[in-house]
Amino acid sequence: MDFARSRVAIGVAALASFWLLGWPDGPTVPMSSAQEAKSGPPIWTVPEIGALPNDADGRLVRGGRDLITATYAHIGPEVADPAKRFAGNNLACGNCHLQAGTKKFGIPLFGLFGKFPHYNARLGAQMTIEDRLNACMTRSMNGRPLPAGAPEMQAIVAYIKFLSTGVAPGQLLPGMGTGNMPELDRAADPARGEALYANACVACHGPNGAGIRRSLPTTDLGYMMPPLWGNDSFNDGAGMARLITAANFLHFNMPHGVDYLNPQLSPEQAWDIAAYVLSQPRPHKAGLDKDFPDLLEKPVDAPYGPYADGFSEQQHKYGPFAPIRAAIAKLKAEKAPAPSPPPR
């Protein structure tokens, strides 16, 4: 009985202290937990794929995840069935979309499903989610498009839809893309980047950028560490072939295991390493001159012409980008129709 009374007394004292001192405006009536929950926005988290039932839908979503993490094993250039050889290299989608597309600033796939279809400047038209996936297939994977009705396409779409579970229409989730670190006021320098690469990257990706394979090429098991250039890497039309994308990806995710909470490369180091990597040879994608029909919508770091702004391909590839942005802004202003005079 004494023990119970003492616990009550302690609880009352603690509540009184919290009531008197816990709010900056002085004593108030504390809100209930339900009221507190209503006062802030709901917290979204990545859905748990392990909780899916072992039914047709669950297996489809898991199959999509497997295609992201081990693309080479299902639709790579060395799979047994030639009809399934859609990817042109032995990369996995997960080499860029880290942690199966769930890592913040590791080009996550969560929250994307509801954003399609939408206008795409590179295409100059509306883009479906299938179109977007095939842009990856023909650029990052240096391969050929997946038919919309292919089981592999349906599985990847189902996985991306699953990763968007609980995302409200128009909700902007934190951690999308590759992040946005400060830019340099100079051109990124491949020569500086080469020395930095030797210190920070060569152990995983090799001195020739070839990565580390899990096996001999005759037995396809992909890469432990992916190649960064050469014939088995992404082509020059891929998003990762653009400096701003590559540099931010490096800053927030590399060396392997780093995340945005504790970056190991400074912004300057990341810009220069990215410049070195992108200065190396890689497959060429035909037809890049047809990208971005409206050249004023072309990203400042698109490493291939034509351009509307008069700057060189070299500056578009390595920067600095501020002068290019200023020139494009001026051209857009000149192109914009004059405002109508006010009615009399």
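Going residue by residue through region 260-272, is there one that turns out to be modelled with pLDDT of 95 or more and touching a strand residue (DSSP E or B) at 6+ places or on another chain (Cβ under 7 Å)? No, because not a single residue in region 260-272 is modelled with pLDDT of 95 or more and touching a strand residue (DSSP E or B) at 6+ places or on another chain (Cβ under 7 Å).
Output yes when any residue across region 142-163 is open to solvent by less than 30 Å² (accessible area, probe 1.4 Å) and of a type in the set (S, T, N, Q), and no when none is. No, that holds for no residue. Tell me yes or no: at least one residue of region 166-175 is over 26 Å from Pro77 (Cα atoms) and of a type in the set (Val, Ile, Thr). Among the residues of region 166-175, at least one is over 26 Å from Pro77 (Cα atoms) and of a type in the set (Val, Ile, Thr), which makes the answer yes. Please tell me if Asn54 is at pLDDT 95 or above and within 25 Å of Phe249 (Cα to Cα). So Asn54 does not fit the description; no.
Of the helices (runs of 4 or more DSSP H) lying entirely inside region 144-212, those containing at least 1 residues that are under 21 Å from the mean Cα position of the chain (by Cα) and not small (Gly, Ala, Ser) span 151-163, 202-205. The single condition from (1) farther than 15 Å from Ala87 by Cα; (2) over 15 Å from the mean Cα position of the chain (by Cα) that Lys115 fails is (2). Of the residues screened, Gly114 is one that is small (Gly, Ala, Ser) and open to solvent by 30 Å² or more (accessible area, probe 1.4 Å).
Taken across region 132-142, residues that are farther than 18 Å from Pro47 by Cβ, touching a Gly at 6+ places or on another chain (Cβ under 7 Å) and among the basic types (Lys, Arg) do occur, with at least one present. The set of residues in region 306-331 that are farther than 20 Å from Glu183 by Cβ and either open to solvent by 100 Å² or more (accessible area, probe 1.4 Å) or touching a Lys or Arg at 6+ places or on another chain (Cβ under 9 Å) (or both) comprises Pro306, Ala308.
If you scan region 293-305, which residues turn out to be more than 17 Å from Ala188 (Cα to Cα) and surrounded by 14 or more Cβ atoms within 10 Å (Cβ to Cβ)? Those that are more than 17 Å from Ala188 (Cα to Cα) and surrounded by 14 or more Cβ atoms within 10 Å (Cβ to Cβ): Leu295, Leu296, Glu297, Lys298, Gly305.
Could you tell me whether Tyr260 is under 21 Å from Ser140 (Cβ atoms), among the aromatic types (Phe, Trp, Tyr) and in contact (Cβ under 8 Å) with a residue 24 or more places away in the chain? Here the answer is no, as Tyr260 does not meet what is asked. Considered as a group, the residues in region 284-300 that are in a helix (DSSP H, G or I) and of a type outside the set (Asp, Glu) include one that is nearest to the chain's Cα centre (by Cα), and that residue is Leu288.
Of the numbered conditions (1) in a loop (DSSP other than H, G, I, E, B); (2) touching a residue at least 12 places away in the same chain (Cβ under 8 Å), Pro337 satisfies every one except a single condition; which is it? Of (1) in a loop (DSSP other than H, G, I, E, B); (2) touching a residue at least 12 places away in the same chain (Cβ under 8 Å), only one is false for Pro337: (2).
Residues are listed down the side, and each one gets a yes or a no for (1) in a loop (DSSP other than H, G, I, E, B); (2) out of contact with any Ser or Thr (no Cβ under 6 Å at 6 or more places or on another chain); (3) over 23 Å from Cys136 (Cα atoms):
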position	(1), (2), (3)
Pro255	yes, yes, yes
Ala270	no, yes, yes
Arg282	yes, no, no
Ala302	yes, yes, no
Ala308	yes, yes, yes
Gln315	no, yes, yes
Pro323	no, yes, yes
Ile328	no, yes, yes
Ala333	no, yes, yes
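Would you mind finding the one in Ala203, Ala187 that is aliphatic (A, V, I, L, M), over 26 Å from Leu52 (Cβ atoms) and open to solvent by 70 Å² or more (accessible area, probe 1.4 Å)? Exactly one of Ala203, Ala187 is aliphatic (A, V, I, L, M), over 26 Å from Leu52 (Cβ atoms) and open to solvent by 70 Å² or more (accessible area, probe 1.4 Å), namely Ala203.
If you go through region 73-110 and pick out every residue that is modelled with pLDDT under 95 and within 28 Å of Tyr260 (Cβ to Cβ), you end up with 0. In the condition set (1) more than 17 Å from the chain's Cα centre (by Cα); (2) buried (at least 22 other Cβ atoms within 10 Å of the Cβ), Asn253 is compliant with all but (1).
Residue-level analysis places Lys104 outside the set of residues that are among the basic types (Lys, Arg) and free of Cβ contacts under 8 Å to residues at least 12 places away in the same chain.
Applying the criterion of being touching a Pro at 6+ places or on another chain (Cβ under 8 Å) and assigned to a helix (DSSP H, G or I) to the residues of region 216-246, the residue that is surrounded by the fewest Cβ atoms within 10 Å (Cβ to Cβ) is Ile244.
The values are calculated or read from the model by the stated rules, or taken from the named source; none is laboratory data. Just so it is clear, the structure is predicted and the values come from calculations on it, not from any experiment. No Cβ is skipped: glycine too gets one built from the backbone with ideal geometry, and neighbour counts run over all protein chains shown. Calculation scope for accessible area: heavy atoms of the full protein, side chains included, ligands and nucleic acids excluded. Shrake-Rupley method; radii C 1.70, N 1.55, O 1.52, S 1.80 Å.
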